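Read through the structure below, which is laid out as structure tokens, and then see the notes.
The values are calculated or read from the model by the stated rules, or taken from the named source; none is laboratory data. As the structure is a prediction and not an experimental result, all values here were calculated from the model. Here the Cβ positions follow ideal geometry from the backbone for every residue, glycine too, while neighbour counts run over all protein chains shown.
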Amino acid sequence: MSSGENTVEGFYEPPIDAELAAEHGLSAEEYENLLAIMGRKPTYTELGVASALWSEHCSYKSSKVYLREFPSSGPRVLEGPGENAGVVDIGHGWAAVFKMESHNHPSYIEPYQGAATGVGGILRDVFTMGARPIANLNMLCFGEPSAPRMSYLVDGVVRGIGGYGNCVGVPTVGGQTFFHPSYNGNILVNAFCLGVARTERIFTARADGPGNPVLYVGSRTGRDGIHGATMASESFDEGSEAKRPTVQVGDPFTEKVLIEACLEAMRTDAIVAIQDMGAAGLTSSAFEMASRGDLGFRLDLEKVPLREKGLSPYEIMLSESQERMLIVAHKGREEALFNIFERWDLEVSTIGELTDTGRAVLCYDGQVAADIAVEPLTDAAPMYRRPVAEPADLAAQQSAPEVPVANDPGQALLDLLATAELGSKEWIWRQYDHTVRANTVQGPGGDAAVLTLKGTPAALAVTGDVHPVYCALDPRRGGAQAVAESVRNLACVGAEPVGLTDCLNFGNPEVPEVSWQLREAVLGIAEACRAFEVPVISGNVSLYNENEGQSIHPTPSVAVVGLIPDARHRTVAHFLSAGQRVLLLGEDQSEFGGSSYLRLLWDIEQGRPPMVDLAREARLAAVLRAAVRQGLVDTAHDISSGGLGVALAEACFGAGLGARLVVPGGGAQLFSETQGRALVATTGERVDAVLALAEAHGVAALEVGEVGGDRLVVDAPEGGFALDVSRLREAWAIGLPRALGL
Amino acid sequence: MRSGVIVFPGSNCEHDVYHVLKHVLGQSTRYLWHKDQEIQDCDLVVVPGGFSYGDYLRSGAVAAHSPILAAVRRHAEAGGLVLGICNGFQILQQANLLPGALIHNRDLRFLCVDAWLQVERADLPFTRGYHQGQVIRIPMAHGEGNFQASEEQLDRLEANGQVVFRYRIDNANGSARAIAGIVNERGNVLGLMPHPERAAESVLGNDDGLAFFAGLVESVAASATSGSPLEVA
Amino acid sequence: MSLSPSSDAAALEAVVTVYPRPGILDPQGKAISQALERLDFDGVTAVRAGKVFTIGLEERDPEAARQAVVRMCETLLANTVVEDYEVTIRAVVSGEGES
Amino acid sequence: MSLSPSSDAAALEAVVTVYPRPGILDPQGKAISQALERLDFDGVTAVRAGKVFTIGLEERDPEAARQAVVRMCETLLANTVVEDYEVTIRAVVSGEGES
Ligand SMILES: Nc1ncnc2c1ncn2[C@@H]1O[C@H](COP(=O)(O)OP(=O)(O)O)[C@@H](O)[C@H]1O
Ligand SMILES: [Mg+2]
């Protein structure tokens, strides 16, 4: 095939040169490398395909060196990173399948569709493994509520997540919502999905068997989301509006039907491999399947169902239209699959077949648009160890700030609760169906969500965390803290962590300080995972999150799935009845670096974040789990952002019950954010049993008072407060919608 | 009791109802496909929640014309029991098996909360498990559950005793007269927005909805032994 | 109403608008009124919010086309319990103008 | 476009239609097409689904009215990333006709 001329009649293809390669995001060196691999100039389609495969998004070229640090094996791990989602064995013949992924940039451009298609994408990653999705989480970071467009973005993102998740019937059971100016121009939308599958029924995306047909199922292909960079190039007749790439629009109905049809198809034994078409669409799905199986393939692109006429081979290969799946079927058994998809009114067509040539041959009406060796292209994907540098002002940022005294701790508490950051997130999650599928024991609003595993006594728990300010002030500690808090949240509902997924949201990795943050955060997460023996089984990296040249705060979101052997042992995060006695587990060390108290009340973002003592966290988690599982506590709530003061208030809200307590410290110290702490409540003799349990594990425990009445009364040597629960609740309930004017 | 649970493309609560009927209550239960023309051997047909055919146009509008709905209509006309939950309620309304309309929630947002419902009459097969005036807690989750009808029609529903469930404490979606569930004049077709099937097992922390289905099973069993028709006199 | 005077053979399309009946709650119209007010657009006396469909038709006879589309409205496009609809048949305009 | 030729003093209203941009996936239009097909309405070539707003205005000058409504579209009524809109200013027709 000679290059520099049109490969396919009827489609204009621009001349290939280094400049066009640069517009495709390939560096000069990468382009040279491509020429070397091919032994000739690439065709236009080949250039598009190669640049997509070598993009940061698909190749992880800037982060791969660090991701190796994660511990990813363990006795429960069935599939680690590398597949569409990770898989862990949870007993009773079941596996938990989960992953988290970002949809940051699309959500900033079009919040509803960006967030919606983010949910759609992560669902496909999970059901493509043969799992039925049973729960979603969403981890959101927004700018200041008063920033331009911000309430529009929040509203759109929340509606989009709800619009998609509610329609497909997967409950959205939790998440996190953070507000910080560093996201004013670049919000973060990370979507997590958890599915369950029978362990013997896990599907992978490993192509096998030359001659096996390649099937395309689902929505038609349009010009959705094709490479921004290439579109800017002059290769397109200007003024041709129709050729512009378009925003991806989600179609949750088609997704729902795809889920049902694919899960049914997976019971036929006609499927060899299956993979969703995510980023870089048909390109990445086809190449990944082939490269995992060391095979080649031929596609007849004119057979790809199109939404509009006239898409070129280049566009067909790079379209990111949603709700599409690629399947390798056993030759001769396609009929069974066709029947199922047609029964569900889904479009399905055979678009090619596997070959043993090791080459990807892309044809259009018999003309060859691309002919390229798979393995060299995927193997040669670049990998960079980019320069790292500690920020010059790190020491200054970390220097211990003076902590202003809280003359009126009650007022300080009211003010904190009324912020968007610490206020109730119910305005968000009441827009999400969190009870569909009838598994939800604990939905949003607790420390971790809990879902029954029907047909077994067990339940799954899931939670997500990250504290971007801690991560900015000390990314390693911040990374460890995210894991520690998740593990603590799981322990509060009696769950033992079985696997973790992450989504690493960072700025521009070509900035050495950003690459340093990335490395440090990964090391922090890895260290914590090793300490808790939690494998990292999947994840995602989102780089180049910038706001006018200013990188976002490092935001390594993590989500952890936990196992509860017996779902009947139930705790909630709030006080349940008058007469419950309240115990504090763990000890305050008066730590304020990055705290809500300093930031939200005094506008000070400074100091080292609270220490993360992994051994102490592990002991606390063990005590909590044992206490829950032995039925020793009815209430357990971890102490995190906003410290003891906020945790106590939150514990009052669930049932509108007050408490009368005497605590050490007091004053501003009520808002210290020392890690490794929780409060529990219980009755009668169980109080002593909890104290004994804590002592046996070497965890400090202190009885501080009793639940009752409708006031929260806190006595403390350095100043307490007494406030009506209803007043606290009012401030907390309307904080978020009021800040956003929604 | 033999039940059929309809599956439309886009249904998403069919498994939940099936689970309660089949596994929690041990009743013979099967799925009915939206393209089916007939319903055989069912005492109860459930039109479950979800987003049938995507519900992009208007909730229930497309499903109301599916082949199975003609069979549901015949089943209802023959005195068989029909239960529409959430999207199922919307579908029955669009198919003119129940009166009124369910429009966008008052604040135009999807709303997922626990609803407190007052049981207005306990003499129906659907409510035999409760007593009149009982207040139960049932999860709801919908964007278009705001019940509306003309004043005359509302008066007629009230006078006929067709209002079966009413929101108490908070009428969050803005329904006229806080109506959460209604029955047809004959008493054998019921639609309600909240989801009793999501609150039918103690492990979930709420089993207020179990009596709904258990009451149906009892009613059907009672009518089978007495040979009397199901609907109320 | 505004039947285009073009030849019988012109391709037709229908524009269907569907509005909540007067007297029926229109939460969307109300929300938009309020939002416009909040955005300091004065002088808005009322807002009604509805749906619109453009339906391309093979039928070349305007009257037959209208009848078919009215049937579509009655069976599917409008909820006649609470909504009114209006059908306009016109010759296909190629090229969409933005105001 | 179809500015009514009535006197300057006539009350005006705007009709705004908002459609998904051409080329953008329109799941609603697609669902309606399929539903019409299932209902045996043949001869439907395409369906686009959008929103329509009728906005009553105090402004009596058609050009000023149009400008105000275009601003409403840009800020609130349309999402210009994915939608196109069209504004028609007309004299208020009292009494709604159903076709
Ligand atoms: N975007 C969201 N979607 C769903 N639930 C959310 C969201 N944001 C916060 N939540 C829920 O609100 C509760 C409080 O969140 P957070 O303060 O982050 O909890 P914690 O400090 O225990 O991690 C949690 O139950 C969480 O799941
Ligand atoms: Mg948290």
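In this entry, A:Thr357 is excluded by the filter for residues that are surrounded by fewer than 24 Cβ atoms within 10 Å (Cβ to Cβ), away from ligand 1 (no atom under 16 Å from the Cβ) and closer than 25 Å to A:Phe98 by Cα.
Quick check: anything in region A:70-93 in contact with a Ser or Thr (Cβ under 7 Å, 6 or more places away or on another chain), surrounded by 18 or more Cβ atoms within 10 Å (Cβ to Cβ), farther than 30 Å from A:Arg476 by Cβ and of a type in the set (S, T, N, Q)? For region A:70-93, residues in contact with a Ser or Thr (Cβ under 7 Å, 6 or more places away or on another chain), surrounded by 18 or more Cβ atoms within 10 Å (Cβ to Cβ), farther than 30 Å from A:Arg476 by Cβ and of a type in the set (S, T, N, Q): absent. What about B:Ala76, is it away from every other protein chain (no Cβ under 13 Å) and not in a strand (DSSP E or B)? So B:Ala76 fits the description; yes.
Would you call A:Leu311 in a strand (DSSP E or B), touching a residue at least 12 places away in the same chain (Cβ under 8 Å) and not basic (Lys, Arg)? Judged against the criteria, A:Leu311 is not a match. Among the residues making up region A:164-175, a single one is under 18 Å from the mean Cα position of the chain (by Cα) and farther than 17 Å from A:Thr440 by Cβ: A:Tyr164. With respect to A:Val560, is the statement that it is more than 31 Å from the chain's Cα centre (by Cα), modelled with pLDDT of 95 or more and assigned to a strand (DSSP E or B) true? Criteria not met by A:Val560. Confirm whether A:Val436 is within 11 Å of chain B (Cβ to nearest Cβ) and either modelled with pLDDT under 95 or away from ligand 2 (no atom under 16 Å from the Cβ) (or both). The answer is yes for A:Val436.
Could you say whether any residue in region C:55-70 is within 18 Å of C:Pro22 (Cβ to Cβ) and either within 10 Å of chain D (Cβ to nearest Cβ) or without any contact (Cβ under 8 Å) to a residue 40 or more places away in the chain (or both)? Scanning region C:55-70, I find no residue that is within 18 Å of C:Pro22 (Cβ to Cβ) and either within 10 Å of chain D (Cβ to nearest Cβ) or without any contact (Cβ under 8 Å) to a residue 40 or more places away in the chain (or both), so the answer is no. Listed here are the helices (runs of 4 or more DSSP H) enclosed by region A:22-111 that have at least 2 residues being among the aliphatic types (A, V, I, L, M) and within 30 Å of A:Pro313 (Cα to Cα): A:28-38, A:44-53. If I filter region A:192-200 for residues that are part of a strand (DSSP E or B), surrounded by fewer than 23 Cβ atoms within 10 Å (Cβ to Cβ) and within 16 Å of ligand 2 (Cβ to nearest atom), do I get at least one hit? No. Within region D:33-43, the set of residues being surrounded by 20 or more Cβ atoms within 10 Å (Cβ to Cβ) and at the interface with chain C (Cβ under 7 Å from one of its Cβ atoms) comprises D:Ala35, D:Leu36. Picking from residues in region A:462-479 that are more than 14 Å from ligand 2 (Cβ to nearest atom) and closer than 20 Å to A:Val536 by Cβ, the one that is surrounded by the most Cβ atoms within 10 Å (Cβ to Cβ) is A:Gly479. At least 3 residues being in contact with a Leu (Cβ under 7 Å, 6 or more places away or on another chain) and within 11 Å of ligand 1 (Cβ to nearest atom) is the threshold, and among the strands (runs of 3 or more DSSP E) wholly inside region A:410-511 those reaching it are A:459-465. Based on what the data block shows, is A:Lys303 surrounded by fewer than 24 Cβ atoms within 10 Å (Cβ to Cβ), without any contact (Cβ under 8 Å) to a residue 12 or more places away in the chain and out of contact with any helix residue (DSSP H, G or I) (no Cβ under 8 Å at 6 or more places or on another chain)? No: the conditions fail for A:Lys303. Report yes if A:Val368 is surrounded by fewer than 17 Cβ atoms within 10 Å (Cβ to Cβ), β-branched (Val, Ile, Thr) and more than 30 Å from A:Glu288 (Cα to Cα), otherwise no. Considered against the rule, which asks whether it is surrounded by fewer than 17 Cβ atoms within 10 Å (Cβ to Cβ), β-branched (Val, Ile, Thr) and more than 30 Å from A:Glu288 (Cα to Cα), A:Val368 comes out as no.
Specify the residue that is farthest from the other protein chains (Cβ to nearest Cβ); the eligible residues are those in region A:410-426 that are farther than 17 Å from A:Val725 by Cα and in contact with a Lys or Arg (Cβ under 9 Å, 6 or more places away or on another chain). The qualifying residue farthest from the other protein chains (Cβ to nearest Cβ) is A:Glu421.
A quick yes/no check of all residues on (1) within 16 Å of ligand 2 (Cβ to nearest atom); (2) out of contact with any Cys (no Cβ under 7 Å at 6 or more places or on another chain):
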position: A:Ser486; (1), (2): yes, yes
position: A:Asn489; (1), (2): yes, yes
position: A:Cys492; (1), (2): yes, yes
position: A:Leu500; (1), (2): yes, no
position: A:Ser515; (1), (2): no, yes
position: A:Leu518; (1), (2): no, yes
position: A:Val522; (1), (2): no, yes
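Can you name the residue in region A:155-181 that is surrounded by fewer than 24 Cβ atoms within 10 Å (Cβ to Cβ) and either free of Cβ contacts under 8 Å to residues at least 24 places away in the same chain or assigned to a helix (DSSP H, G or I) (or both) and is also nearest to ligand 2 (Cβ to nearest atom) among such residues? So, considering only residues that are surrounded by fewer than 24 Cβ atoms within 10 Å (Cβ to Cβ) and either free of Cβ contacts under 8 Å to residues at least 24 places away in the same chain or assigned to a helix (DSSP H, G or I) (or both), the one nearest to ligand 2 (Cβ to nearest atom) is A:Pro181.
In this structure, is B:Ala176 of a type outside the set (Val, Ile, Thr), more than 14 Å from chain A (Cβ to nearest Cβ) and more than 15 Å from the chain's Cα centre (by Cα)? Yes, satisfied. Scanning region A:668-680 turns up no residue that is surrounded by fewer than 23 Cβ atoms within 10 Å (Cβ to Cβ), in contact (Cβ under 8 Å) with a residue 24 or more places away in the chain and within 21 Å of A:Arg727 (Cβ to Cβ). Within region A:274-300, the set of residues being surrounded by 23 or more Cβ atoms within 10 Å (Cβ to Cβ) and aliphatic (A, V, I, L, M) comprises A:Ile274, A:Met277, A:Ala280, A:Leu282, A:Ala286, A:Met289, A:Ala290, A:Leu295, A:Leu299.
A single entry from A:Ala482, A:Ala448, A:Ala531, A:Ala458 fulfils the requirement of being away from ligand 2 (no atom under 15 Å from the Cβ) and more than 14 Å from every other protein chain (Cβ to nearest Cβ): A:Ala531.
Looking across region C:1-27 at every residue that is closer than 26 Å to D:Pro62 by Cβ and either at pLDDT below 90 or among the small types (Gly, Ala, Ser) (or both), the one that is surrounded by the most Cβ atoms within 10 Å (Cβ to Cβ) is identified as C:Asp26. Six or more apart or on different chains, Cβ atoms under 8 Å: show the pairs whose first residue is in region A:638-666 and more than 18 Å from A:Ala578 (Cβ to Cβ) and of a type in the set (Val, Ile, Thr) and whose second is in a helix (DSSP H, G or I) and more than 16 Å from ligand 2 (Cβ to nearest atom). Listed by first residue and then by second, the contacts come to A:Val646/A:Leu413; A:Val663/A:Leu670. Scanning region B:93-139 for residues that are within 16 Å of the chain's Cα centre (by Cα) and within 14 Å of chain A (Cβ to nearest Cβ), we see that the one that is surrounded by the fewest Cβ atoms within 10 Å (Cβ to Cβ) is B:Arg137.
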